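The values are calculated or read from the model by the stated rules, or taken from the named source; none is laboratory data. What you see is a predicted model, and the numbers here were worked out from it, not measured in a lab. Counting neighbours? That spans all protein chains shown, and the Cβs are built from the backbone with ideal geometry, glycine included. In case anyone asks, the SASA skips ligands and DNA or RNA and just uses the protein heavy atoms, side chains included. Shrake-Rupley method; radii C 1.70, N 1.55, O 1.52, S 1.80 Å.
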Amino acid sequence: MNVKPGELVRIIAGREIDVKVHDKGFVASTAVFIVAIVASIALPAMLAGGAPSYTLAVLGDARVVSDAAADLVSAPDGERLRGVPETDLTVVEAASVEAALAREGVTAVLSMDAGRVVVTGREGVPDGLTSLIAAASAHVTAQGVARDAGLTNQQVAALVSPTPPRVDILAPGPDYAVPPQLLVIVFGLLFYFSVLTFGIAIAQSVVEEKQSRVVELLVAALPVRWLLAGKVAGNAVMAIAQVTLIVAAGLVGAGLAGQGDVVSQALGASGWFLAFFMLGFLMLACLWAVSGSLSARIEDLQSSTLYMQLAVMIPFFAAVFLPEESPLRVVLSYVPLTAPLIMPGRVATGDAALWEPAIAAVIVAVTAVVLIMVGARLYAGSVLNTAQRTRLLAAWKSGGRA
Amino acid sequence: MGVLTPDAGTVTWGDSTVTLDVRRRVGYMPEERGLYPKMKVRDQLVYLARVFGVEAAVAGERADALLSDFGLAERAGDLLHTLSLGNQQRVQVAAALIHEPELLVLDEPFSGLDPIAMDSMATRLTERAHAGVPVLFSSHQLELVERLCDDIVLIHEGRVVAAGSAQGMRAKRAGSRYRVGVDGVPHWRPTLAGTDVISTTDEATVVELSEGVDPQELLANAQRAGAITHFSRAVPSLSELFAEVSR
């Protein structure tokens, strides 16, 4: 019989993938994550999309102010006066304040009381509308005063709509659609969630095989390390597929919501994020398997995976809470455990030079190779000890023989 | 099987040492069940077959054939842990057979089975043996071992205490022991030189004869005590034999 390692690893990985795909919890959590990401990107865009729309009812001589307001908002983008919000304004005539407010769709009523402009609303008046009316009213008053003073039309115009100052910026900062810190948190959360679920999945899968003694059957058929490779490969494929899917869903969501800026910004950051995610996942995957193989029963997992959970949790909080300018952040972006989170974050905030992520990636990759070798030995040394929990040292020693 | 490292000695198959290649031609069943509890029965068999290098299509056919052979065809789509213990054990044996091994190594295949399941398991294993696949199994049920096995090794506290065919072992152990029953005389004892009483009951007495003592003299001696109800060579069962050698 010809033994093909590649094929065997693929078969083992295939089962891991099959189990995941049929795991209702996994499918549900992926779906929830995707919906949450799409919603969090698309919803604000949809809510913010378009100018607010108001219907203003006008009484008698207040018409001057509403006409001025209509003039102000009808000016094209860029020529609108400062302080005048972009608004879709409809003006309707009304007989009385009460009658106007009884009408469906009327936002507020404009009237005059002893020369003073009065805005009447039901439960409140939108800020945008109030500032628009204030601007229009000021405009009307200024025009009246200027005309009384005998100024020419040009002088009036110069008075009420002065030429805005020119703004010159010598070194413009990058124009972000989304604050990069938010991207770092979103990516960090994704990384944390994914590594934790798949790490625990690997540990569970290992201990399940131990507890059910399937592992005894499997090691009769293939070397222990191939079994480990298949497990890690299967879960890595699923983890990367899940994260890619979620990131892609987020980008598509942003694209649909018309936030092209977010898409290009996130795409730029997500390349490094995915690369670091892959490396970071592989770096820890074998150790997750070890935390499973050191236990004899599912019940032991809680304690044996504790250190692994910390190894994922601490970098996450460091990435989220370390201030952007902190020198520690720069150092940690090269430390293998924290680099997969912090380095892509520094790329996203634009304070890492081009070569920096590459160097950090090499450091993480080398660490991954070392940890995979250590993990494989510990796994080999403990996976067949089905009787009780295995001590690290014992696993290391017997792993050398296996 | 790759599960344990030997303290000493070597394991060979034919002329070669047991490498991975050899191991993959052996059907193995661990003592405690070794299957995924939450995997469907047929999927499980196909998966293990694939791990042992069987093509996917062939694996499917064999799984179906084995399941119908073991009377489990209608359970093929069920999760393993929903099956009864006896049925799980059958799936386990099917798993050991799925890659058509050259040798079967079964650790306690009869433990936990009811008498009917035990019988059907015995039939399956005998079938395989007759088909030319040697079956090596461990068991504590010595009556069964005696009935099924061609070659037996008795191990006590890690040492081989007896080996050979069941009949050979028993005959050898029987030596010159006789069971004598005398009507109306419970716990009869011979009055003959060169005899040694091993045990007595109400019905019969087991006597060991020293070398050179003719069993006919013992019979004559017994006849003088009363009518003979029983006279035979006392061949110990395997269990008795084991109890003696392990003492």
Per residue, the convex hull enclosing the Cα atoms of region A:52-160 spans a volume in Å³ of 98
Check: C-alpha center region A:1-33 vs C-alpha center region B:1-80, spacing in Å is 20
Rounded to the nearest 10 degrees, the helix A:63-74 long axis (Cα) sits at an angle to the longest Cα principal axis of chain A of 40
With T = 20 °C, eta = 1.002 mPa s and Kirkwood Rh from C-alpha pairs, the Stokes-Einstein D of region A:292-402 in µm²/s is about 135
Taking max minus min of the Cα coordinates of region B:174-236 on each principal axis, largest first, gives extents in Å of 29, 24, 15
Zone reached by a paramagnetic label modelled 7 Å from residue A:330 Cα along Cα→Cβ, restricted to region A:179-220 with backbone N below 19 Å, covers none
So, with points 7 Å from each Cα along the Cβ direction, the residue B:208-residue A:158 label distance in nm works out to 13.7
Per residue convex hull volume, Cα only, region B:2-112, in Å³ is 110
Helix B:56-69 sits off the longest principal axis of the Cα atoms of chain B, rounded to the nearest 10 on a 0 to 90 degree scale, by 40
For residue B:100 and residue A:374, extending 7 Å from Cα along the Cα-Cβ vector and measuring point to point gives, in nm, a value of 4.7
GNM on chain B, Cα springs under 10 Å; top mean-square fluctuation among B:26, B:197, B:105 goes to B:197
Rounded to the nearest 10, the angle in degrees between the Cα long axis of helix A:127-148 and the longest principal axis of the Cα atoms of chain A comes to 30
Ignoring ligands and nucleic acids, residue B:50 exposes an accessible area, probe 1.4 Å, in Å² to the nearest 10, of 60
Across A:347, A:214, A:64, the residue with the highest GNM fluctuation in chain A (Cα network, 10 Å cutoff) is A:64
Expected max-MSF residue from B:194, B:168, B:212 in the GNM of chain B (alpha carbon, under 10 Å) is B:212
Under the 7 Å Cα-to-Cβ spin-label approximation, residue A:313 and residue A:130 lie apart by a distance in nanometres of 4.6
Other residues with Cβ under 14 Å from the Cβ of residue B:238 give, with Lys and Arg +1 and Asp and Glu -1, a net charge of -2
About its Cα centre, the protein assembly as shown carries a charge dipole, from +1 on Lys and Arg Cβ atoms and -1 on Asp and Glu Cβ atoms, whose size in debye to the nearest 20 is 1280
Note to self, chain B gives a 222 nm [θ] from helices alone (DSSP H runs n ≥ 4, -39500 (n - 2.57) apiece, / all residues, nearest 500) of -11000 deg cm²/dmol
Normalised per residue, the volume inside the convex hull of the alpha-carbon atoms of the protein assembly as shown in Å³ amounts to 257
